[in-house]
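The values are calculated or read from the model by the stated rules, or taken from the named source; none is laboratory data. These figures come from a predicted structure and were not determined experimentally. Glycine also receives a Cβ, built like all others from the backbone with ideal geometry; neighbour counts cover every protein chain displayed.
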Amino acid sequence: MTTFSDLKLGPKVLRAIEETGYETPTPIQAQAIPAALEGRDILGIAQTGTGKTASFTLPMISLLARGRAKARMPRSLVLAPTRELAAQVAANFDTYAKHVKLTKALLIGGVSFKEQDQLIDKGVDVLIATPGRLLDHFERGKLLLTDVKIMVVDEADRMLDMGFIPDIERIFSLVPFTRQTLFFSATMAAEIERITNTFLSNPHRVEVARQATASESIDQFVVPFEPSRRDRAASEKRAALRAVLDGEGDKLTNGIIFCNRKIDVDAVSKSLKKHGYDAAPIHGDLDQSQRTATLDQFRAGDLKILVASDVAARGLDVPSVSHVFNFDVPSHAEDYVHRIGRTGRAGRDGKAITICSTADERNLEDVEALLEKTIPRMALPGKTPVPSADTAPAADAPEADAEAPKPRARRTRSRAKPATDEAAPATTAETAPSEAPAPQAAPEVEAVDADHDTPRVETTEREPRSRGRGGRSSRKPAEDSQATAPVRDDTRRDDTRRDDRGRGKPVVGMGDHMPTFIEKSFEERMTG
């Protein structure tokens with residue numbers, strides 16, 4: 001079995017490692033440290049929580065133990081994508097270099113330039129920075145990078161994915177070509193690896209696990225979630241999160257809840273605190289002092305639940321995180337690996353639970369395709385929030401049903417009045433709307449229907465017009481009931497009368513030009 005003493009590290013570094021309690025290096029440390037001590041470029045790929053930070057801090061301390069830095073000219077440079085990750089690297093240097101006289105400076109946003117300038121002016125052996133703040137100091141003329149001998153890019157895929165490519169290319173143009181370059185990352189896509197080939201010279205590739213894999217010590221679960229209504233999706237999802245937290249019970253010693261958006265981080269944090277949970281938010285829009293204070297409380301155990309955006313997914317080094325909750329499925333599948341990598345670190349067991357709504361199913365498919373396995377599903381503990389949401393629309397239903405019969409009752413009463421004046425069962429339904437005041441009106445219309453077939457059809461179609469004319473059409477068929485032609489003329493007069501509102505032209509229709517087969521069908525029907 002390999003030990004740290006077999007890796008040819010300096011005696012003072014080994015002493016610091018022994019004081020921390022570590023005896024056996026992780027696989028990536030065992031392969032990367034010897035190659036780095038030989039001065040080779042390193043391309044390290046390993047899942048989160050396997051000790052990548054120590055893989056480059058330990059050899060850097062041993063290599064930089066001899067020599068002294070000049071003012072404004074650091075001897076080594078470590079680039080990190082986020083402030084939290086840069087602070088984590090600085091903490092590792094403090095731990096492993098406490099017996100070595102090395103100076104360091106941390107250049108991150110949210111901190112005064114004056115304090116950072118004072119450290120650089122004294123000369124630092126190790127400069128840890130985010131790309132933006134580093135270039136700010138360089139453009140102000142406070143920093144020179146011509147003496148950098150070792151350059152490290154931590155979380156290289158995240159650096160390139162976050163849009164730092166122009167800054168990275170410029171920084172590499174400012175450091176000497178003969179520097180030693182170390183790239184470490186949890187994932188390394190093909191297009192990202194192609195870009196890194198321009199920065200590394202014949203690198204020693206170290207890959208201790210399949211790309212984008214999660215630790216086997218992490219139990220992963222997915223809780224399917226479907227809101228009852230779209231306007232209640234956000235509140236019901238927060239209720240589902242609380243149900244998941246309550247379902248873990250005493251197993252939840254501390255946990256991190258990840259959200260895709262900063263606005264959701266604030267909303268979830270406020271909701272949890274409102275319901276009595278010990279929670280606090282952390283995201284990029286908060287002041288650095290507030291972010292640092294929140295992380296310190298979480299590391300010290302004074303804060304139980306940390307609600308974070310992806311800014312904290314790769315910058316937290318809290319070995320004892322028991323749970324990770326994904327309030328949203330990350331839009332990038334690689335981020336899922338980094339999120340759940342906050343638990344199950346250093347060989348400990350961990351649990352990761354993801355709430356997946358119907359809108360996140362495609363992102364979940366990408367995550368499972370990246371992991372090359374199906375994540376087990378878990379039922380939502382205590383489905384109280386869902387029935388309460390579902391019953392809300394049902395409570396409104398009786399009110400709607402109570403109001404619905406009222407207009408139907410009014411329509412029934414209005415139709416019942418003509419029904420009392422019945423003359424013939426077949427014609428009452430057609431002639432009732434005519435509102436004839438005398439009972440004799442129904443027989444007149446019935447006589448027209450009995451003698452002539454065409455007026456019967458026209459009377460039915462023109463009934464609304466007859467009401468508007470004060471019943472004139474009901475008297476006219478009785479006068480023209482001696483012959484078929486006058487009745488058809490009356491039909492044309494009805495059409496003309498209807499068109500008199502326009503220009504008085506007769507309506508062009510079937511009229512006298514009715515096909516014989518239609519007349520024949522009416523005659524057969526009337527005589528049969």
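Quick notes
- Residue that is touching an Asp or Glu at 6+ places or on another chain (Cβ under 8 Å), of a type outside the set (A, V, I, L, M, F, W, C) and over 23 Å from F199 (Cα atoms), where the choices are K114, K122, K104: K104
- Scanning region 121-157 for residues that are aliphatic (A, V, I, L, M), without any contact (Cβ under 8 Å) to a residue 60 or more places away in the chain and out of contact with any Leu (no Cβ under 6 Å at 6 or more places or on another chain) gives V124, L135, A156.
- Residues (under 24 Å from G276 (Cα atoms) and assigned to a helix (DSSP H, G or I)) located in region 224-243: R232, A233, A234, S235, E236, K237, R238, A239, A240, L241, R242, A243
- Residues located in region 108-132, provided they are at pLDDT below 95 and not in a loop (DSSP other than H, G, I, E, B): F113, K114, E115, Q116, D117, Q118, L119, I120, D121, K122, P131, G132
- Any hit, region 21-30, residues being more than 44 Å from the chain's Cα centre (by Cα) and without any contact (Cβ under 8 Å) to a residue 24 or more places away in the chain: no
Here is a yes/no grid of residues against (1) at pLDDT 95 or above; (2) among the basic types (K, R); (3) not assigned by TED's automatic domain parsing to the domain that holds A300:
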site: R230; (1), (2), (3): no, yes, no
site: D250; (1), (2), (3): no, no, no
site: R261; (1), (2), (3): no, yes, no
site: L272; (1), (2), (3): yes, no, no
site: P281; (1), (2), (3): no, no, no
site: G284; (1), (2), (3): no, no, no
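- Selection of region 233-251 for residues being surrounded by fewer than 16 Cβ atoms within 10 Å (Cβ to Cβ) and touching a residue at least 40 places away in the same chain (Cβ under 8 Å) yields D246, K251.
- Here D94 meets each of (1) within 16 Å of R15 (Cβ to Cβ); (2) buried (at least 19 other Cβ atoms within 10 Å of the Cβ); (3) not hydroxyl-bearing (S, T, Y) with one exception, condition (2).
- A single entry from S201, S185 fulfils the requirement of being crowded, with 21+ Cβ neighbours inside 10 Å, in contact (Cβ under 8 Å) with a residue 60 or more places away in the chain and not assigned by TED's automatic domain parsing to the domain that holds V367: S185.
- Only residues that are within 15 Å of the chain's Cα centre (by Cα) and farther than 19 Å from R261 by Cα were counted in region 329-365, giving 1.
- Total residues in region 32-68, condition among the small types (G, A, S), in contact (Cβ under 8 Å) with a residue 60 or more places away in the chain and surrounded by 21 or more Cβ atoms within 10 Å (Cβ to Cβ): 6
- Residue within region 144-156 that is part of a helix (DSSP H, G or I) and either at pLDDT below 90 or assigned by TED's automatic domain parsing to the domain that holds H283 (or both) present: yes
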